[in-house]
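Engineer: For reference, the structure I am asking about is given below.
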Amino acid sequence: MVPALVATAIAAGASSSAADPPTPIECQVRSELAAAKGDGLKAIAWAVSLVTLDPHSSYALSRVASLYENFGDDSAALDWGQRALAVDSLNSEAAMLVGRVSCLVGDPARAAAALTPPLRRSGAAPELYALRALAHELDRNYGAALADLKRTGSLLPDFEWIATGILGMALEDGRLGEAYSAFQLAMELRPDDTRTLALGISLAQRLGNPALERTLLRALRASEVR
């Protein structure tokens, strides 16, 4: 159901006479122009008008979802994003949106589920893998998180922070094997990161590995001097 504020905006700015109804391209262009001007109400209203003209368009539905997200209404963004995925589960833009918002609202399992269908396609964007890795991390599925992280290809160094996050959470949970795997990956990507080194020292202590602890202490001191 269209929220009251959007209905008001449609009546005020996006209505057309019955004799000359807007075309889909007009709705899209007017929505983009309004968004560029920072007028969220009109941008959303015209995007909703496009959905009215083409209710089975996953693109049109995800456009509304994206606008709601951009203008700060995560609840509405999630609703429209899920509607877009109901029409086309392979819509990677909608999947990313549902994944982002679901992680923010504390539902990482829904995020992972939304991201899985587009990842079955060959040539899936590495950002999809990174976001699902984050969702798996938040859901404490550390093995799956690391597996997805390693599928990000050339962008892997940009997501070192996810590996460090997995290390911290796995260490907190006492899952030392997974923590060590995350530590190894994080160190490969950024061996001078002070947070990774500090967590590595805690891990070495928990593992009873004094040699590793000493090595990491030296690296941490050197990193702090720089």
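The values are calculated or read from the model by the stated rules, or taken from the named source; none is laboratory data. These numbers come from a predicted model, not from an experiment. With ideal geometry, Cβ positions are generated from the backbone for all residues, glycine too; neighbour counts draw on all protein chains shown.
Engineer: So which helices (runs of 4 or more DSSP H) stay within region 122-226 end to end and still have 2 or more residues that are modelled with pLDDT under 95?
Structural biologist: Output list reads 210-225.
Engineer: Tell me which residues, restricted to region 143-183, are among the polar types (S, T, N, Q) and either in contact with a Cys (Cβ under 6 Å, 6 or more places away or on another chain) or surrounded by 14 or more Cβ atoms within 10 Å (Cβ to Cβ) (or both).
Structural biologist: Selection gives THR152, THR164, SER181.
Engineer: Here's another thing I want to ask about it. Restricting the first residue to region 210-226 and requiring it to be under 13 Å from ALA198 (Cβ atoms), which pairs with a second residue that is acidic (Asp, Glu) meet a Cβ separation below 6 Å and a spacing of at least six or different chains?
Structural biologist: Within 6 Å, the pairs are SER223/ASP192.
Engineer: Go through region 83-95 and give me each residue that's in a helix (DSSP H, G or I) and either buried (at least 22 other Cβ atoms within 10 Å of the Cβ) or touching a helix residue (DSSP H, G or I) at 6+ places or on another chain (Cβ under 6 Å) (or both). First the steps, then the outcome.
Structural biologist: First, the residues of region 83-95 that are in a helix (DSSP H, G or I): 83-87, 92-95.
Once the filter is applied, which keeps residues that are in a helix (DSSP H, G or I) and either buried (at least 22 other Cβ atoms within 10 Å of the Cβ) or touching a helix residue (DSSP H, G or I) at 6+ places or on another chain (Cβ under 6 Å) (or both), region 83-95 yields ARG83, ALA84, LEU85, VAL87, SER92, GLU93, ALA94, ALA95.
Engineer: If ALA76 satisfies every condition in (1) in contact (Cβ under 8 Å) with a residue 60 or more places away in the chain; (2) surrounded by fewer than 18 Cβ atoms within 10 Å (Cβ to Cβ) but one, which is the exception?
Structural biologist: Every listed condition holds for ALA76 apart from (2).
Engineer: Scan region 191-206 for residues that are in contact (Cβ under 8 Å) with a residue 24 or more places away in the chain, touching an Asp or Glu at 6+ places or on another chain (Cβ under 9 Å) and surrounded by fewer than 16 Cβ atoms within 10 Å (Cβ to Cβ) and jot them down.
Structural biologist: If the condition is that a residue be in contact (Cβ under 8 Å) with a residue 24 or more places away in the chain, touching an Asp or Glu at 6+ places or on another chain (Cβ under 9 Å) and surrounded by fewer than 16 Cβ atoms within 10 Å (Cβ to Cβ), then THR194 is the only one that fits.
Engineer: Give region 39-49 a look and list any residue that's part of a helix (DSSP H, G or I) and either of a type in the set (D, E, K, R) or over 12 Å from TRP80 (Cβ atoms) (or both), or say none. Let's see the steps before the verdict.
Structural biologist: Kept after step one, since they are part of a helix (DSSP H, G or I), are these residues of region 39-49: 40-49.
Once the filter is applied, which keeps residues that are part of a helix (DSSP H, G or I) and either of a type in the set (D, E, K, R) or over 12 Å from TRP80 (Cβ atoms) (or both), region 39-49 yields GLY40, LEU41, LYS42, ALA43, ALA45, TRP46, SER49.
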